[in-house]
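Readers should treat all values here as calculations from the given coordinates under stated rules, not as data from a laboratory. These figures come from a predicted structure and were not determined experimentally. All Cβ positions, glycine included, derive from the backbone under ideal geometry; neighbour counts span all protein chains shown.
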Amino acid sequence: MRPSAAIRLAPTGNSQSGTTTSVITASRHTRSIRAYIVNAEGGWGVVCTEYCSIHPSADESPFAQCSLWDDDDVRVLGNMVERVHAYDALAGVELWYGGFATGNLATREPSMAPSSMPTWAGWAQTQAMSKRDLAQFRNWHKDAVARALRAGFDIIYVYAEHGYMPAQFLSPVFNQRADEYGRSFENRARLIKELLLDTHDVVAGKAAVALRFAVDNLDEVGGITCTGDGRALVEHLADIPDLWDVNVANFAGDARTSRFAPEAAQEDYVAFVKQLTSKPVVGVGRFTSPDTMVSQLRRGVLDLIGAARPSIAEPFLPNKVAAGDVEAIRECIGCNMCIGANNSGVPLHCTQNPTRGEEWRRGWHPEVIPSRHAEQTVLVIGAGPSGLEAARALSLRGYDVRLAERSQALGGVSRPRRRCRACRHGLGCGITALTTCRERQMSRFTSIAK
């Protein structure tokens, strides 16, 4: 694979899929596909789907997710895989079942979990899974693996993080069972191991089997820590997965904003994993600096760099690193506008990358912009982040741009003297990157007069 193969796109929610019926699912999948294709074009070695429901009883409505319920889903996701492969990237799918996270409001399927408990949202109550239910669940998972193979995926995930099932079985808090799936650690880890072995059986060497696992619960007392059951599971499974994809949970802990978590904040929690397995390890941490990424690899923390939010802000990050054009990277500022959009069930927004979420509707591209339609001079008033972005885009289109700013410094509200209290106390919130990445671009354009 090309040099950027050490950088992969982590399973990334697009908030642009659907779950209500296979027809709606298939049509809405196409919205996500455009974003994935842009990332593949941008040089990511592996492009993964968002969490992908294996069965209608894993329906997190009103939140959106993709699915592999039937042949319609195979057809649409197969289209994604084919187009990802066209850019010499691998395609991964994250097979997901929500357990007590899903109320199944759209499908009206019964919600099932290790024990009977209320669902995370809504008014539903889960039913405790019987042994028959567990056998049926494993068959659903195997069927989804077979569909993923037919779609052409290169990496097939068993998903045990963010508080979803089967991580719920591992938790001594959520799992109150008294059978062979409960009480002892080995029993609580049984389902994850079974899913991995089932997936290997179905895959039969035709694809890699990955385990995405949260080694520590930072924001919820689920009983899984990187010094306790999280570490024990890595020791227990060791070389069964072909790839370990590790992070912290749940979603709020994994995707903390830059005001509360610096770049590479997950290292202290996941660094032990490589000591316990001979298989490659990938992790995330809102990596924004190529130097930090290289440091993770050279120090043996990770074998592969994963990125979700940074890939949203800069889909062409790997290509720009490979070309030595680091100054052109749009740095993720950790504002979590993308997560806010995802949690609202609308297409992703990004403070740094205005094209994100518009790939499917307007055909916008982060690196390609239509040429001007006439020879004109355009006046942009105000050199804040929006004004700088407008000047940059207009210049790329070929216009003669005049940028007017009443102060002596660029940046508007993002200038240091007007930064937030967190920045003034050294915590940082990434807001200055709104200006700095665009200021770096200004010197490249002779058509911009300030």
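Rg then Dmax, both in Å and based on the Cα atoms of region 3-343: 18.6, 57. If R0 equals 45 Å, the separation of the Cβ atoms of ASP239 and TRP123 corresponds to a calculated FRET efficiency of about 0.55. Compute a Gaussian network model of the chain, connecting alpha carbons closer than 10 Å, and tell me which residue from ASN342, ASN187, ASN250 fluctuates the most. Maximum fluctuation in the GNM of the chain, among the listed residues, is at ASN187. Relative to the dominant Cα principal axis of the chain, helix 22-41 is inclined by about 50°.
Extension gain for the segment LYS131 to ALA86, taken as residue separation times 0.36 nm less the Cα-Cα distance, is 11.9 nm to one decimal.
Couplings for region 379-386, taken from phi via the Karplus curve 6.51 cos²θ - 1.76 cosθ + 1.60 with θ = phi - 60°, read 9, 10, 9, x, 10, x, x, 5 Hz in order; Gly and Pro are left as x. Along the axis of the charge dipole computed for the chain (Cβ charges of +1 for Lys and Arg, -1 for Asp and Glu, origin at the Cα centre), the listed residues THR257, SER407, PRO385 are led at the positive end by SER407.
Can you grab the distance from the C-alpha centre of region 277-315 to the C-alpha centre of region 134-181, Å, no decimals? First find each Cα centre; the distance between them is then 25 Å. Relative to the longest principal axis of the Cα atoms of the chain, the long axis of helix 71-85 lies at roughly 50 degrees. Counting only alpha carbon atoms, the long axis of helix 131-151 and the longest principal axis of the chain meet at about 40°. With θ taken as phi - 60° and the Karplus curve 6.51 cos²θ - 1.76 cosθ + 1.60 applied, the whole-hertz 3J(HN,Hα) list for region 91-105 is 10, x, 10, 9, 6, 9, 9, x, x, 6, 6, 10, x, 6, 5 Hz, x standing for glycine and proline. Electrostatic tally near ARG356: other residues with Cβ closer than 11 Å to its Cβ, Lys and Arg +1, Asp and Glu -1, net 0.
Region 192-228 and region 37-66 have Cα centres lying 18 Å from one another. Toward the positive end of the charge dipole of region 83-204, with +1 on the Cβ of Lys and Arg and -1 on the Cβ of Asp and Glu, the farthest Cα among ASN187, GLN127, LEU90 is that of GLN127.
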